[in-house]
Every structure is written in C-alpha cells, then in structure tokens.
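The values are calculated or read from the model by the stated rules, or taken from the named source; none is laboratory data. Quick caveat: nothing in here was measured; it's all calculated off a predicted structure. Here the Cβ is made from the backbone with ideal geometry for all residues, glycine too, and neighbour counts use every protein chain on show.
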Amino acid sequence: MTLLIPDFSKASVLVVGDVMLDRYLFGDTSRISPEAPVPVVHVHEQDYRPGGAANVAINLSHLGATTTLFGIIGDDNEGETLQAAVADYKIDCQLTKATKWPTITKTRVQSRAQQLLRLDREQPLKSGVVTRQFTESLAHHLDSISAVVLSDYDKGTLSDVTRIISVCRKKGIPVYVDPKGRDFQKYKGATVITPNQREFEAVVGVCSTEEDLVLKARKIIKQLGLVAVLITRSDKGMVLVEENVEPLFLAAETRDIYDVTGAGDTVIAVFANALAVGESFSSAATLSNLAAGLVVEKIGVASVTPSELGLALHRRGQDERGLLDETQLLSLVSESRERGERIVMTNGCFDILHGGHVSYLEEAKSLGDRLIVAINDDASVRTLKGETRPINKLEDRMGVVGGLAAVDWVVSFSEDTPQRLISSVLPDLLVKGGDYQIAEIAGADAVLANNGEVRILKFHEGYSSSRIIDKLSG
C-alpha cells in the first residue's frame, strides 16, 4: 500500500471525555532505601502533561486539526494547571469546573526511561455533575465539526454517552469511541470503537484464534450498528474489522518501546482525523498503527506530527517514492549524517525527463550514498523558461524523478534558485551538469564554506527538454 500523509488540518474534531493531569517526576536511582526494599529516586525534574481526553485533543492539534475539548476538571490548582497546559496547544477548551471534586491526577516516577511507581488521585464524579446542560452545550459546538471522539476512561464524564451519540447522529457527524468497561451497549450508534484486545475480550469472551476475533467483532458491529471495530493488540499490532470487508491485520511496528502510556489516545486521534479528511478505513488504520509505533518510543503521554509520520513512511518505503517537504528532508539528512553517509545534491526543472537526465543522475549517485534532487516549482519554472513551461506540473515531475533508482529524496523549492535550500541542507557534494563555472552554481559558496565539494558533471550531448518540446510542436 502506497500512502500519502493527508492534510489533517482540513478537519475540525471535537473531543469529549475524561480529562486528567499527568505529573512526571524524573530522577536518578542508585541505592535501595534503608527503610524498605524500594529504590531511592533523587528527583531532578518534574513535568506536567495533559492526559486522557486532553491528550487525544493534543494529538489532534499536533496533527493540525482544529480541535475542541469538552471535559470536567476540579476547582483546584491541578485543574488550573491542566487548563493552562491544554490552552498552549491552541485548543478550544470547554472544561466545566466541578466543586468539591479533585482534578484526576496521575503521578509517575521515572528513572532511566523506566516507570517505577504511579500514584493516582481521583474520586468518582458525583451524580448531577454531568448535567443535561453539559450535553446541550456540547451540541451547540457541533455545527462545523467533522468528527467527534469520545475518550472514555470510565471516570464519569461520559455517563450520558448514549445521548451524546444520539445528538451527533442526528447531525450526521461520525463518532469514534475509545471504550472502557464491560458494557459496550452504551456505545450503540457510534461509527467505530477502538478497544484494545483485553478490553474487547472482557466483553465478548476470550478469542482463541484470529478467526474467532473477527467473528466476534462482526457480531459487535451488528449489535451496535457500527461501521467498524479497530482492535489494538499490543505487540501483535492491530486489526480493522468491517462487516462485509476482508479484515485488515497490521503487524506492530518494530520499535524500542519505552512507554505505552497514551498510545491508545494517539491511535484514535490519527484514525478519526484521517477519516475526517477523506482517507479510507484501511489507510486510516495503517497510519494509526504507524503512529502508535512512534509514540511508544517517547516517555509519557505523547503525540506525533505529520512530519514524523512522513519520515516513518519513508523509512518503510511506503511513501510516494521519497517525495519530501523541506522539514522532512532535513530530518532525514540529519539521520543520514549520523550513519556517516555521504550526501550528494543537485537541482533542476526536469520538465521532460530524458536519457541525459537519467545518465546524469546515475553518475551523481555514484559519487555518494544519498542523492537529493531539488526541483523548481511551477512558478519558478515559468520565471526561468517562459509562460508555456512547465509542460508537466510539479507533482508529476517529482514523481517521475523520484521513481528513478538512483534518486533517494526529492524536494521542491519556490525561489528562482535553490541557494537557500542548499544552504540549509549543506550536502557533502553539490553537483551540476553542463558548462558552468563553480562560482556560477547556486549554493556553491555555502557548500564550500562548510568544507564540502562542488563538482561539474559532463552534460550528455544530444539531450534537451527544449529540443524535445520543439520537435513535438514542429
């Protein structure tokens, strides 16, 4: 499956659920307490991060979606800290304060990338805190919403979940639920639920085989009127089950797992956001699986960005043949340098790819380990070549060049010359084909100043895009 990272920013997503504050204490431990057989942690840093439904909202914000968050906090310092932290992510916070009820706070003690202890401060929500007014207020925010995510941690915020789903259905808004508890009936009418396998089996019974898992998932789909069930399976990856479609089993990404905290929040955020901008269920699930693999490499509740997803796709060879934006390119160049690879870079319009281009790029690649090709965007080509050019639009030119075996990464630039881009990349070797002097090559001064090399390659005679175009028009 070839994937592109969608424009997540086209969606507006509303998140409802149990919000909480995650407090992290980081420190070193080198001895056992004389008072009890427990490690002594010398705390040198603490960090506060929004968790639960708030973490789902932050994941959506990092993806670029316009995000609204509904939840309940206590009238306390922790609530103020949580609200301020969420506001930093440009999220529309609609958080109700409950008196005489503490903000849910989880304190984790971490040492050497390992969690040693977790302390939870929470109380059940009193009846009447989640009022009809809460649901009605939520309904008033649905007019421009693409999707609703219900993040249920079984703390009481979603005690009126049936009515919330009903309101969304009447407005034709899809609802994606990260469920909790043994009662899935309360989610009837939702679009998709995303339980982990342990949660799923707690409701349907142990699934001894994958066939049994799919069968029971389809039974739940029919019972609840769902479109699909996405079951996360820890080190086994995940499975997407739809009623009349072949199930999609996705293997877990091979990662160094440091912390699985909040991975489910990332899965449902990416899944819902991808579907909201028009991706298929299979593509949305694949992107979610990839995101889960990235987030478990991070300590604590975390999120991923479109650039991180793009880089991960590139490493797996599942992207659009190495087509990158500048941010992605610079990240890959940094990784490449850490491996000691020699980076070669060239540039051009590549309007009509011909044999001369292919030979030139093959020669350029032979001079190093990685070849970057920077391509003028359409406006830049018009400035250089005239109003009748380019013949092929940028996306097509990048795709053709990126399809060559010699080319690793393709990036576009909008200026008349790639001077700025080359100065950012600073390749080990900058090459150009044709009758040039080194001083005439854009970016040469920056590369040389960085102890790099600039080389003129022989241009292959008999090949010219302009000549091909004249021949076709004649």
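Some values worked out for this structure:
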item: Residue match in region 158-172 (condition: in contact (Cβ under 8 Å) with a residue 60 or more places away in the chain, within 21 Å of GLY264 (Cβ to Cβ) and either surrounded by fewer than 18 Cβ atoms within 10 Å (Cβ to Cβ) or out of contact with any helix residue (DSSP H, G or I) (no Cβ under 8 Å at 6 or more places or on another chain) (or both)); result: no
item: Answer from LEU63, LEU25 - the residue that is at pLDDT below 95, aliphatic (A, V, I, L, M) and over 17 Å from LEU116 (Cα atoms); result: LEU63
item: Lone unmet requirement of (1) out of contact with any Asp or Glu (no Cβ under 6 Å at 6 or more places or on another chain); (2) over 13 Å from VAL431 (Cβ atoms) for ILE372; result: (2)
item: Matching residues, region 309-334, being closer than 14 Å to LEU371 by Cα and modelled with pLDDT under 85; result: ARG321, GLY322, LEU323, LEU324, LEU332
item: LYS155 being of a type in the set (Lys, Arg), in contact (Cβ under 8 Å) with a residue 12 or more places away in the chain, surrounded by fewer than 19 Cβ atoms within 10 Å (Cβ to Cβ) and assigned to a loop (DSSP other than H, G, I, E, B); result: no
item: LEU213 vs. criteria crowded, with 19+ Cβ neighbours inside 10 Å, in a strand (DSSP E or B) and modelled with pLDDT of 90 or more; result: no
item: Unique residue being touching a residue at least 40 places away in the same chain (Cβ under 8 Å), assigned by TED's automatic domain parsing to the domain that holds ASP22 and either buried (at least 17 other Cβ atoms within 10 Å of the Cβ) or part of a strand (DSSP E or B) (or both) when the list is GLN83, GLN46, GLN110; result: GLN110
item: Close pairs (6 angstrom Cβ cut-off, 6 or more residues apart or separate chains): assigned to a helix (DSSP H, G or I) in region 58-72, surrounded by fewer than 23 Cβ atoms within 10 Å (Cβ to Cβ) anywhere; result: ILE58/TYR89; SER61/TYR89; SER61/ILE91; HIS62/THR305
item: Conditions (1) in contact (Cβ under 8 Å) with a residue 40 or more places away in the chain; (2) more than 19 Å from GLY52 (Cα to Cα); (3) not aliphatic (A, V, I, L, M); number of the one not met by ASP178; result: (2)
item: Filtered residues of region 151-168 (kept if more than 17 Å from GLY74 (Cβ to Cβ) and β-branched (Val, Ile, Thr)); result: VAL161, THR162, ILE164, ILE165, VAL167
item: The listed residue being assigned by TED's automatic domain parsing to the domain that holds VAL40, closer than 18 Å to ALA276 by Cβ and of a type in the set (Val, Ile, Thr), out of THR103, THR191, THR96; result: THR191
item: ARG23 vs. criteria of a type in the set (D, E, K, R), in contact with a Pro (Cβ under 9 Å, 6 or more places away or on another chain) and part of a strand (DSSP E or B); result: no
item: Matching residues in region 11-22 - criterion: being surrounded by fewer than 22 Cβ atoms within 10 Å (Cβ to Cβ) and modelled with pLDDT under 95; result: none
item: ARG118 among the charged types (D, E, K, R), more than 20 Å from ALA57 (Cβ to Cβ), assigned by TED's automatic domain parsing to the domain that holds VAL56 and within 27 Å of the chain's Cα centre (by Cα); result: no
item: Tabulated pairs, region 233-255, first under 16 Å from ASP212 (Cβ atoms), second aromatic (Phe, Trp, Tyr), C-beta under 7 angstrom, 6+ apart or interchain; result: VAL239/PHE249
item: Hits in region 216-248 - residues which are assigned to a strand (DSSP E or B) and more than 15 Å from PRO179 (Cα to Cα); result: MET238, VAL239, LEU240, VAL241, GLU242, VAL245, GLU246, PRO247, LEU248
item: Unique match (being out of contact with any Lys or Arg (no Cβ under 9 Å at 6 or more places or on another chain), crowded, with 17+ Cβ neighbours inside 10 Å and over 18 Å from SER12 (Cα atoms)) among ARG218, ARG182; result: ARG218
item: Number of the exception - LYS90 against (1) touching a residue at least 12 places away in the same chain (Cβ under 8 Å); (2) surrounded by 12 or more Cβ atoms within 10 Å (Cβ to Cβ); result: (2)
item: ARG382 vs. criteria in a loop (DSSP other than H, G, I, E, B), among the basic types (Lys, Arg) and either more than 23 Å from VAL333 (Cβ to Cβ) or in contact with a strand residue (DSSP E or B) (Cβ under 6 Å, 6 or more places away or on another chain) (or both); result: no
item: Failed condition for THR105, given (1) within 30 Å of THR286 (Cβ to Cβ); (2) modelled with pLDDT of 95 or more; result: (1)
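Listed here are the residues, each with its yes/no results for (1) crowded, with 21+ Cβ neighbours inside 10 Å; (2) within 21 Å of GLY355 (Cβ to Cβ); (3) in contact (Cβ under 8 Å) with a residue 24 or more places away in the chain.
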| position | (1), (2), (3) |
| --- | --- |
| ASP378 | no, no, no |
| ARG389 | no, yes, yes |
| GLY402 | no, yes, yes |
| TRP409 | yes, no, yes |
| PHE413 | no, no, yes |
| THR417 | no, no, yes |
| ILE422 | yes, no, yes |
| VAL425 | yes, no, yes |
| ILE456 | no, yes, yes |
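Yes/no matrix, rows are residues, columns are (1) closer than 16 Å to GLU199 by Cβ; (2) at pLDDT below 90:
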position: ILE220; (1), (2): yes, no
position: ILE231; (1), (2): yes, no
position: LEU250; (1), (2): no, no
position: VAL260; (1), (2): yes, yes
position: ALA263; (1), (2): yes, yes
position: LEU275; (1), (2): no, no
position: PHE281; (1), (2): no, no
position: ASN289; (1), (2): no, no
